[in-house]
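Structure, as structure tokens:
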Amino acid sequence: MEALGLLMLGFKALMTWKILALMLVGLVLGIFVGVLPGLGGPNGVAILLPLTFSMDPTSAIVMLSCLYWGALFGGAITSILFNIPGEAWSVATTFDGYPMAQQGRAAEALTAAFTSSFIGSLIAVMMITFLAPRIADFALKFGPPEFFAVYLLTFCSFVGLGKEARQKIVISMALGLLLAGVGMDTVSGQLRLTFGFTELLRGVNFLVAVIGLFGISEILVTMEERLALQGHPASLSFKVVWQVWKTLPRYWVTLLRSSAIGCWLGITPGGAIAASFMGYNLAKRFDKNPESFGTGRIEGVFAPETAAHAAGTSALLPMLALGIPGSGTAAILLGGLMVWGLNPGPLLFVEHKEFVWGTIASMYLGNVIGLIIVMCTVPFFAAVLRVPFSAVAPMIVVSCAIGAYAIQNAMFDVWLMLGFGVLGYVFKKLDYPLAPLTLALVLGSRAEDAFRLSMIGAGGDLRVFWSNWLVGSIATLALVLLFWPVIGMAIERATSTFSSKTA
């Protein structure tokens, strides 16, 4: 009850025209940022952060956090309409969202994406409301072994629960891990796999790879097959929205499971990207007809969007409670708090109650207003489906090139994007999955750093990953998921044998 009273205090602090206007500006800018490939929420927050230094902390954090919520919503638009993830965590949304758009169900897919995003964020904000004052003890238990166990769990779930050929998943993931090692080794400071190219000192940027693998490769495939964007323009009518909302109770297990995965990986932190892939794979694994995923199943939109947005929102919890950023955006906001003269951590909840609970209240209000805005503005973005593909393709390529260049202001990234586009085209023609590659590329360096720091601390003893109940349970679950096909076959065989004996 105390939390609810403090939350009402936060809502009271928001009820000014100035803050409501800043909230609206942040949401609109966020949707725009989320739609543009390569820009993304973290970059948008970083660009606008200097403009907030003259504001009071509450106004600044509200505008920046609402920009983040808007980017979360907007990232699904280009993913579904053009198979180009507007945000890194929208990659898994393309697996079924884009086929739905091709089938003329773009409005249904967009409604599902926005609604599940809202549900995932709302559940995460509710968790922040009630757990923020109590999270310190748990989060302080995480060290390098626990971080590596979380990353290992993500990789193992992809291999063990994936329906593609295991060898193709492993090859794709191995290539991603190899690319993740390019650049400077963060532990030893040595250069790796740069081959004398100074541009590779920074490594391979994940967003550059994603834009090429999914955006440029799709253009190449479509040009080869001489196809046009098929389907009806996505006009979000009340009828379509109501039809999707009526089906929500049918998928309550998927929504709750994905929300739980997202909240857990947001706090630990595993990240929104890992959460979206894991949410999608678990929905696919436990479905009665897993082979139909990738052909336009609405569950394939619900699961990753719910998990990703729950993770993206809950990542702010350790930042507020402990000063430990759970994501790139949280790290940028952490720097802003320090500039504004605030020290994140447990004392923040005591010394600056109005600020903390105003921020949490803005999460509720921002998500509601964001859902309304994106529902009303999506027809403007969906109208591009009416444009002939011959006119749209050059604009998409230019947009991808601008997005790739804007990430690090480097022309080399544009050429790298085109190279990844060719690689993605080859993978699609050979029927190799792209998702394991992208997952390994973004998490590979983090997993390597966590593993090496764990080994340094434990003197090379692998038993460190079972040194306490927390890391041990996560590592054991990872191994169970890795060998789940074998375990599942053994269970099925034992069950059939038992049934035949009792018959």
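Details
- Of all residue pairs spaced 6 or more apart or on separate chains, those with beta-carbon atoms under 7 Å, a first member in the stretch 186-213 that is farther than 27 Å from GLY34 by Cα and a second member that is surrounded by 13 or more Cβ atoms within 10 Å (Cβ to Cβ) and basic (Lys, Arg) are VAL187/ARG452.
- The set of residues in the stretch 175-200 being of a type outside the set (A, V, I, L, M, F, W, C), assigned to a helix (DSSP H, G or I) and surrounded by 12 or more Cβ atoms within 10 Å (Cβ to Cβ) consists of GLY176, GLU199.
- The one condition in (1) over 30 Å from ILE372 (Cα atoms); (2) assigned to a helix (DSSP H, G or I); (3) modelled with pLDDT under 75; (4) among the hydrophobic types (A, V, I, L, M, F, W, C) that LEU213 fails to fulfil: (3)
- Search result, residues across the stretch 408-427 that are surrounded by 18 or more Cβ atoms within 10 Å (Cβ to Cβ) and closer than 24 Å to GLY294 by Cα: PHE420, GLY421, LEU423, GLY424, TYR425, PHE427
- All of (1) in a loop (DSSP other than H, G, I, E, B); (2) of a type outside the set (Ser, Thr, Tyr); (3) under 18 Å from ALA113 (Cβ atoms); (4) at pLDDT 80 or above hold for LYS246 with one exception: (1).
- The set of residues in the stretch 378-407 that are within 23 Å of the chain's Cα centre (by Cα), at pLDDT 75 or above and surrounded by fewer than 19 Cβ atoms within 10 Å (Cβ to Cβ) comprises ILE402, TYR405.
- Looking only at residues of the stretch 130-169 that are loosely packed, with under 15 Cβ neighbours inside 10 Å and either in a helix (DSSP H, G or I) or at positive phi (or both), we find that the one that is modelled with the highest pLDDT is GLN167.
- Subset of the stretch 85-112 that is farther than 24 Å from GLY266 by Cα and not in a helix (DSSP H, G or I) - its residue that is modelled with the lowest pLDDT: GLY104
- Scanning the stretch 53-87 for residues that are of a type in the set (Gly, Ala, Ser) and farther than 23 Å from VAL25 by Cα yields a single hit, SER79.
- Among residues of the stretch 113-129 that are at pLDDT below 90, those with a beta-carbon under 8 Å from a residue that is part of a helix (DSSP H, G or I) and among the charged types (D, E, K, R) at least six positions away or on a different chain give the pairs ALA113/GLU305; SER116/GLU305; SER117/GLU305; GLY120/GLU305.
- If only residues of the stretch 459-476 that are in a helix (DSSP H, G or I) and touching a residue at least 12 places away in the same chain (Cβ under 8 Å) are counted, the one that is surrounded by the fewest Cβ atoms within 10 Å (Cβ to Cβ) is LEU470.
- Residues in the stretch 426-442 that are in a helix (DSSP H, G or I), closer than 21 Å to VAL182 by Cβ and out of contact with any Gly (no Cβ under 7 Å at 6 or more places or on another chain): VAL426, PHE427, ALA435, VAL442.
- Where a residue in the stretch 477-492 is in contact (Cβ under 8 Å) with a residue 40 or more places away in the chain and more than 13 Å from TYR151 (Cα to Cα) and its partner, wherever it lies, is in a helix (DSSP H, G or I) and among the charged types (D, E, K, R), with Cβ under 8 Å and at least six apart: PRO485/ARG166
- Total residues in the stretch 20-44 satisfying the condition of being modelled with pLDDT under 70, of a type in the set (A, V, I, L, M, F, W, C) and within 17 Å of GLY312 (Cβ to Cβ): the figure is 2.
- Condition check for ARG257: in contact with a Leu (Cβ under 8 Å, 6 or more places away or on another chain) and either on the phi > 0 side of the Ramachandran plot or modelled with pLDDT of 85 or more (or both): yes
The values are calculated or read from the model by the stated rules, or taken from the named source; none is laboratory data. Note that this is a predicted model, so its numbers are computed, not measured. All Cβ positions, glycine included, derive from the backbone under ideal geometry; neighbour counts span all protein chains shown.
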